[in-house]
Number of protein chains: 2
Amino acid sequence: MTEVSGDETRAAIRRATFQALRRHGYANLSIAHIATELGKSKSLLYSYYESKDDVLVALLDHTIEGYGSDPSLSADTSIEDTLKQFLETLLVPPDVDEESELIAVLLELRVQAVSDIAYRERFTILDQRLRITITDMIERGIEAGEFASVDATRIAAHVVLIINGMMLQQATTAADASMPTGPRQMLYSYLDETLGTNYVVDRR
Amino acid sequence: MTEVSGDETRAAIRRATFQALRRHGYANLSIAHIATELGKSKSLLYSYYESKDDVLVALLDHTIEGYGSDPSLSADTSIEDTLKQFLETLLVPPDVDEESELIAVLLELRVQAVSDIAYRERFTILDQRLRITITDMIERGIEAGEFASVDATRIAAHVVLIINGMMLQQATTAADASMPTGPRQMLYSYLDETLGTNYVVDRR
DNA sequence: GTCTATACCCCGATAGAC
DNA sequence: GTCTATCGGGGTATAGAC
């Protein structure tokens, strides 16, 4: 089918755009760079997308589509583990390709929201979705008696705030010996203290 | 003196660059835009700076120079108030010009650190400085018996994490009714609970 | 110190062949 | 579906007059 082939090409273009973004950064990203990464000519891109902006938005939409969706584990897994695993996928997302530099790319795209309304809408919804998912998990944990009886909405908003801070710091600062502990430990300690659980984290 | 005049021109160029950044965003910022904002010709900029990048870095250095320095209030002010006022200046910085959109500009510059080592170094140091300043304040508060006896270094790192998250959210998402409370309240509640103080915030 | 003019390059996008 | 060739425009940076 032509459609399938078209979809595959679109997927290939997205991957190429992702790689080009990693290599050159948003500021220096050009159609030529994407085409080189794709191994095809520039003009081919215009058979699938109307403009450069169109390509970028398609990448963004595809990237945040699955990002931050509830992993919904089997029923015998504790809510604590489910929450923990969920947060891990946010901070160290499953490999998109070889290297998991998704956070850096996502951040570069996100900052376009400062001037671009289309981007702003998408990240507003993304944060919202994250807060709702985490709120639900905490509430389930409270009902199950696993967590202390806290204001789930408030905690979830705080967690999303921390996650965003972590992404920004992780992508824009060098490793810093002055940090008392890794940012991921800080998030887990916070949850530990707030929810009354005891997160054990695998160090990296 | 020619030097003084030169410094004044440099300052004017920084202000023009700041305004141009606000109006066009980092991605669309050009020498021509800066010159228009300055009310002078493009080539004049090259009498004061070697390149466009040079202009941007100069703006960055000047901006973060004063940013996050201890306000060091008079001795009769409580440490709680000093800390509170300090955090306020970070989140709603003193007017640079008319509109205080410094956070958006600072964020756009910061994200260049994803690909640019010069930027990364500067923001690593900035975060470091912030953590140290806040750690000192908390420790002074503990010594004075104003705060509970907590791990100041850890709390400070957490606060910087939250501040960075707030900046990112504030600049890249629309106002969101699903938020339980403003992000500033969330920061103050966190400090309240952690330090055992009782922050009262002026709502906006 | 500040200008005009211009060199030179790269970019996004299109036309049209195969 | 994919290519080569090319157009028009805007970008950074420089030369040289005033």
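Only the coordinates and a few stated rules stand behind these numbers; no lab work does. A quick note: this is a predicted structure, and the numbers were derived from the prediction, not measured. Using ideal geometry, Cβ is built from the backbone for each residue, glycine included, and neighbour counts are taken over all protein chains shown.
Per 0.36 nm of contour for each residue apart, how much would the distance between residue A:41 and residue A:193 grow if the chain were fully extended, relative to their Cα-Cα spacing?
Details: separation 152, 0.36 × 152 = 54.72 nm, distance 5.49 nm.
Full extension of this stretch gives 49.2 nm more.
When the gyration tensor of the protein assembly as shown is built from Cα positions, what are the square roots of 5 times its three eigenvalues, in whole Å, from largest to smallest?
Values: eigenvalues 250, 220, 55 Å².
Over the Cα atoms of the protein assembly as shown, the ellipsoid semi-axes are 35, 33, 17 Å.
Once you treat every alpha carbon in segment B:35-119 as an equal point and sum by Debye, what is log10 I(q)/I(0) at q = 0.14, 0.16, 0.19, 0.26 Å⁻¹?
Relative scattering, expressed as log10 I(q)/I(0), comes to -0.66, -0.80, -0.99, -1.29.
Of all alpha-carbon pairs in segment B:153-200, indicate the percentage at a distance above 11 angstrom.
Every Cα pair in segment B:153-200 considered, those over 11 Å come to 71 percent.
Once the Cα atoms of helix B:117-143 and of chain B are each reduced to a long axis, what angle between those two axes, in degrees from 0 to 90 to the nearest 10, is obtained?
Tilt relative to chain B: about 30 degrees.
Need one number: nm distance between label points at residue B:24 and residue A:53, each 7 Å from Cα along Cα→Cβ, rounded to one decimal.
That separation, rounded to one decimal, is 1.6 nm.
So what is log10(I(q)/I(0)) for segment B:55-204 at q = 0.15, 0.20 1/Å, when the Debye sum runs over its Cα atoms only?
Result of the Debye calculation: -0.84, -1.38.
Normalised by the number of residues in chain B, what is the relative contact order in percent for Cα pairs under 8 Å and 6+ residues apart?
The normalised contact order for chain B reaches 16 percent.
Taking only Cα atoms, what is the 0 to 90° angle, nearest 10, from helix A:102-111's long axis to the longest principal axis of chain A?
80
Once the convex hull of the C-alpha atoms of segment B:1-51 is built, how many Å³ does it hold per residue, rounded to a whole number?
Convex hull of Cα atoms, per residue: 65 Å³.
With each label point set 7 Å from Cα along the Cα-Cβ vector, what nm distance links residue A:142 and residue B:121?
It works out to 4.9 nm between the two label points.
Across peptide A:155-167, how many C-beta atoms of other chains are within 10 Å of each residue C-beta, on average?
6
Compute the Kirkwood hydrodynamic radius of segment B:95-156, taking the inverse of the mean of 1/r over all pairs of distinct Cα atoms, and give it in Å to one decimal.
Numbers: mean 1/r = 0.0725 Å⁻¹.
Value: 13.8 Å, from the Cα pair sum.
Hey, what angle do you get for helix B:2-24 against the long axis of chain B, alpha-carbon based, 0 to 90 degrees rounded to 10?
Approximately 70 degrees, to the nearest 10.
How far is it, in nm, from the label point at residue B:74 to the one at residue A:84 when both lie 7 Å from their Cα along the line to the Cβ?
Roughly 5.3 nm, to one decimal.
How much mean residue ellipticity at 222 nm does the protein assembly as shown get from its helices, if each DSSP H run of length 4 or more adds -39500 (n - 2.57) and you divide by all residues, to the nearest 500 deg cm²/dmol?
Taken over the protein assembly as shown, the calculation gives -22000 deg cm²/dmol.
Highest first, please rank the peptides B:168-175, A:151-158, B:46-53 by the mean number of other Cβ atoms sitting within 10 Å of their residues.
My ranking of the peptides, most packed first, is A:151-158, B:168-175, B:46-53.
Can you list, shortest first in nanometers, how far residue A:46 lies from the same residue in the other copies, with each label 7 Å from Cα toward Cβ?
With the label placed 7 Å along Cα→Cβ, residue A:46 yields 3.1 nm.
With r as the distance between the Cβ atoms of residue A:176 and residue B:8 and R0 = 35 Å, compute the FRET efficiency 1/(1 + (r/R0)^6) and round to 0.05. Display every interim value, and only then the final one.
Values: r = 36 Å, r/R0 = 1.04.
After rounding, the FRET efficiency stands at 0.45.
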